[in-house]
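Chemist: Have a look at the structure that comes next, please.
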Amino acid sequence: MIGGTPVGEGCPTYIVAEMSANHLGDYSRALEIVHAAAEAGADAVKLQTYTADTITIDCDAPCFRINTGTIWDGTTYYDLYKEAYTPWEWQPRLMEEAKKLGIACFSSPFDRTAVEFMAEMDMPAYKIASYEIADIPLIRACAEKGKPVILATGIASMEEIRDALDACRKAGNDQIVLLKCVSAYPAPLEDLNLRMLPTLAKTCGCVTGLSDHSMSSAVAVAAVALGAHMVEKHLTLRREDGGADGSFSMEPGEFAAMVRDIRDVDKALGSSEYALTEQQKEEHISGRSLFVVKDIAAGEEFSPENIRSIRPGDGLAPKYYDEIMGRRAAAPLKRGKPLSWEDIV
């Protein structure tokens, strides 16, 4: 349950709009993104709670300089996060605005102070970002708050996933959502491996979903068809405005179209049990059955000339055709009569 909304089997897909750095340091723009998320049909907007000093240190050593083939290569971690962070004083106001609009607001904490800050605001969930998946003390601190914990698996080995799940469960918290994720920005389609979603659900025994950094809404829709119960996508107002995450974020119209498609898939998935709907039961009468197509005298033999499989479905099932051929009519039968067992001797 996230803010009173159930997430999981039998529930509509829970859709999260990730704001990240797309506010561009402008509070009014952050408010616009919250409104855009609500108008697009998202269930929640997600923030990130850190400062450059809580997530890394200001150091120019080679290992602190980004050089991993990303859009941020060439800068230091400290400089990136100094630019991208969401001011903490905004967050209670953004959360209140989201509440007024009828959607949830929660965040990703990146250290213990962020966890406590989120707890003071009574945020309804804690999202562990992909690069924090191995920080068991951080995960434990989140789990101990008793709210749902959402774990992104972007760089995680299966052992690290199990360790993170164990940390939550040992803290007495089994409200876990595990998000399949590829930590590439944008993520290449061929790396997404969406067929892994049912495997994760079966192996890990928890609700699964997708944190999607691809440029395609089709990926999220396909993930829902494969069993994802949560979808997270970055949302910006206009990609051309730039920013640390703008180039791989959706614009409001694109996000809204994705939400509509996901809601259609939610409806269409239905039950895994094979059964006819009420409409199908009504339409069943329009199927084929055996009819008398030429007047037949009492005692006359049934043949392809006087019995055919045609629409509608009022008579015997066509599967009895071979069994009936060569047998005889119990009474005179008029053309257009649906054949029944009482007509046959």
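The values are calculated or read from the model by the stated rules, or taken from the named source; none is laboratory data. All values reported here derive from a predicted model rather than from experimental measurement. All Cβ positions, even for glycine, are placed from backbone atoms using ideal geometry, and neighbour counts span all protein chains on display. SASA here: full protein model, heavy atoms, side chains in, ligands and nucleic acids out. Shrake-Rupley method; radii C 1.70, N 1.55, O 1.52, S 1.80 Å.
Chemist: Select from the stretch 227-309 those GluC sites (Glu not before Pro) which occupy a DSSP coil region and have at most 12 other Cβ atoms within 10 Å, ordered by residue number.
Modeler: Glu273, Glu305
Chemist: Hey, another quick one. Using the Cα centre of the chain as the reference point, and only Cβ charges (+1 on K/R, -1 on D/E), how large is the resulting charge dipole? Debye, rounded to the nearest 20.
Modeler: 1320
Chemist: For the stretch 1-101, what relative contact order do you get, as a whole percent, if you take Cα pairs closer than 8 Å and at least 6 residues apart?
Modeler: After rounding, I find 30 percent.
Chemist: Here's something else I'd like to know. Would you list, by chain and number, the lysines whose Cα falls below 25 Å from the Cα of Lys334, excluding same-chain residues fewer than 8 positions away?
Modeler: Correct list for Lys334: Lys294, Lys319.
Chemist: Further question on the same structure: Note down the accessible area of Arg328, probe 1.4 Å, to the nearest 10 Å².
Modeler: Accessible surface of Arg328 is approximately 110 Å².
Chemist: I would also like to ask the following. Give me the extension gain from Asp58 to Arg162: residue separation times 0.36 nm, minus the current Cα-Cα distance, reported in nm with one decimal.
Modeler: 34.2 nm
Chemist: Of Lys127/Lys233; Lys46/Lys180; Lys99/Lys180, which sit over 22 Å apart, Cα to Cα?
Modeler: Long pairs (Cα-Cα over 22 Å): Lys99/Lys180.
Chemist: If I build a Gaussian network model for the chain, linking alpha-carbon pairs within less than 10 angstrom, which residue out of Ile57, Ile161, Ile176 has the largest mean-square fluctuation?
Modeler: Answer for the Gaussian network model of the chain: Ile57.
Chemist: If you roll a 1.4 angstrom probe over the protein chains with everything in place, what fraction of the accessible area of the stretch 181-249 belongs to carbon and sulfur, to the nearest %?
Modeler: Result for the stretch 181-249: 53 percent of the exposed heavy-atom area is carbon or sulfur.
Chemist: Another one. In square angstrom, what is the accessible area per residue of the stretch 1-87 with a 1.4 angstrom probe?
Modeler: Per residue, the stretch 1-87 has 45 Å² of solvent-accessible surface.
Chemist: In addition: For helix 252-269, what angle does its Cα long axis make with the longest principal axis of the chain, in degrees from 0 to 90 and rounded to 10?
Modeler: With rounding to tens, the tilt is 40 degrees.
Chemist: Compute the helix-to-body angle for 27-40: its Cα long axis versus the longest principal axis of the chain, expressed 0 to 90° and rounded to tens.
Modeler: Roughly 10 degrees, rounded to the nearest 10.
Chemist: Round to a whole angstrom and tell me the spacing of the C-alpha centers of the stretch 243-304 and the stretch 59-113.
Modeler: Result: 45 Å between the Cα centres.
Chemist: Quick one: putting +1 on the C-beta of Lys and Arg, -1 on the C-beta of Asp and Glu, what dipole do you get for the stretch 213-345 around its Cα centre, in Debye to the nearest 20?
Modeler: It comes to approximately 520 debye.
Chemist: Need one number: convex hull volume per residue for the stretch 77-180, Cα atoms only, in Å³.
Modeler: 108
Chemist: Sort the stretch 62-103 into rounded, prolate or oblate with this rule: let a ≥ b ≥ c be the square roots of the eigenvalues of the Cα gyration tensor; rounded if a/c is under 1.5, and if a/c is not under 1.5, prolate when a/b is larger than b/c, oblate otherwise.
Modeler: Prolate.
Chemist: Relative to the compact-globule scaling 2.2 N^0.38 Å, provide the ratio for the alpha-carbon radius of gyration of the stretch 221-300.
Modeler: Dividing the Cα radius of gyration by 2.2 N^0.38 Å gives 2.20.
Chemist: Counting C-alpha atoms alone, how compact is the chain: give Rg to one decimal and Dmax as a whole number, in angstrom.
Modeler: Rg and Dmax of the chain, Cα atoms, are 29.5, 102 Å.
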